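Written out below as structure tokens is the structure these notes cover.
Only the coordinates and a few stated rules stand behind these numbers; no lab work does. None of these values were measured; they are calculated from a predicted model. Note that we place each Cβ from the backbone using ideal geometry, even for glycine, and neighbour counts take in every protein chain shown.
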Amino acid sequence: MLWIVLALATAFFNASAATLAKRGLSELQPWEMGMIPTAYAGLFCLVLLPLIEIPELDAAFWWAWGLSLPLMVVALYFQFSAIQLSPLSLTMPYLSFTPAFVIFTGFVLLGEVLNLWGILGVLSIAAGGYVLNVELGSGRGLLDPVKAVFREPGSWRMLVTAGIFSLTGVFGRMGVLHSSPMFFALTMLPALGSLFVATGFLLGRARISSLWKKPRSALLAGLCVALEIICHHFSIALAKSAYMLAVKRLNTLISVIFGRFVFKERNIAVRLSGTLLMILGVAMIGLLGK
């Protein structure tokens, strides 16, 4: 299935961009770490945009495009503020709920209906991603992120982020179906990068000079973001939103692997159960999901 290959490529490029940003841009402010790869990815897309055919655009495309852009900025703001305010182990697990939320947003906005095996596969991947993100070796248990939502500002902010991503994912599929994968991707990223830079500057969370402080790291991370978004939109054009976004969530697993070999992180063995749940979920979606 081509969409699964593209979704896995999306997950790989997403994890690669995060790893490159962490390795080369970690001395910058959190907002800048997200802003710089996005801005450079937008530049790559602008170079490619004149080379593609402009499809016929209708009102549904403009609604999807116009709603995705501000929602993405709000989601990214909540994501980075969550990381700033609370421990990663109490915030990152909530991103794994995005594909589970898409079961409902995909049905409401696009009329997508999953069969039982598909739903079980999506939930299995969400559960696996949750387990992978909980730092079991840190003294915290599996339910600590759930309990933290009532006391940690970063936890509920990341839950809001997951909810917004479930909307942008569905709007992205809508936009692709009413244009083309390349056109939607190549127009969305430059606009998102520009808005990301302007918002960070106006909120005082980013310095314009940071854009060219680390050009090599910025270029590599930006290239990965551009490839991620292109693969994402080609994949989501071929599969239901919940399925594609669930497989994309394997970026969590790939990030754990990168963390072990690039940053020498420990406690990898305790994440085996999460890995198995995610692989089981992909198998159910790929073989039995409709």
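Report the FRET efficiency, 1/(1 + (r/R0)^6), for Ile52 and Ser194, where r is their Cβ-Cβ distance and R0 is 25 Å, rounded to 0.05. Don't jump to the answer; show the numbers that get you there.
On the way: r = 20 Å, r/R0 = 0.78.
The computed FRET efficiency comes out at 0.80.
How many nm is it between the label spots at Phe201 and Leu43, if each spot is 7 Å from the Cα in line with the beta carbon?
1.5
Want the number for Ala59 to Arg23: 0.36 nm per residue separation, take away the alpha-carbon distance, what's left? Could the numbers behind the result be given before it?
Values: separation 36, 0.36 × 36 = 12.96 nm, distance 4.18 nm.
Roughly 8.8 nm would be gained on extension.
Just want the ordering: Tyr40, Tyr77, Tyr94, Tyr243, from fewest to most Cβ atoms lying within 10 Å of their own Cβ. List each step's numbers first, then the result.
Numbers: Tyr40 24, Tyr77 20, Tyr94 27, Tyr243 31.
The most exposed by this proxy come first: Tyr77, Tyr40, Tyr94, Tyr243.
Filter the trypsin sites (Lys or Arg not before Pro) in region 198-228 down to the DSSP loop ones having no more than 15 other Cβ atoms within 10 Å, then list what survives. It would help to have the intermediate numbers written out before the result.
Details: sites: Arg205, Arg207, Lys213, Arg216; in loops: Arg205, Arg207, Lys213.
Qualifying residues, ordered by number: Arg207, Lys213.
So if we plug the beta-carbon distance of Val5 and Phe107 into 1/(1 + (r/R0)^6) with R0 = 30 Å, what FRET efficiency do we get, rounded to 0.05?
Numbers: r = 26 Å, r/R0 = 0.86.
With R0 = 30 Å, the Cβ-Cβ based efficiency is 0.70.
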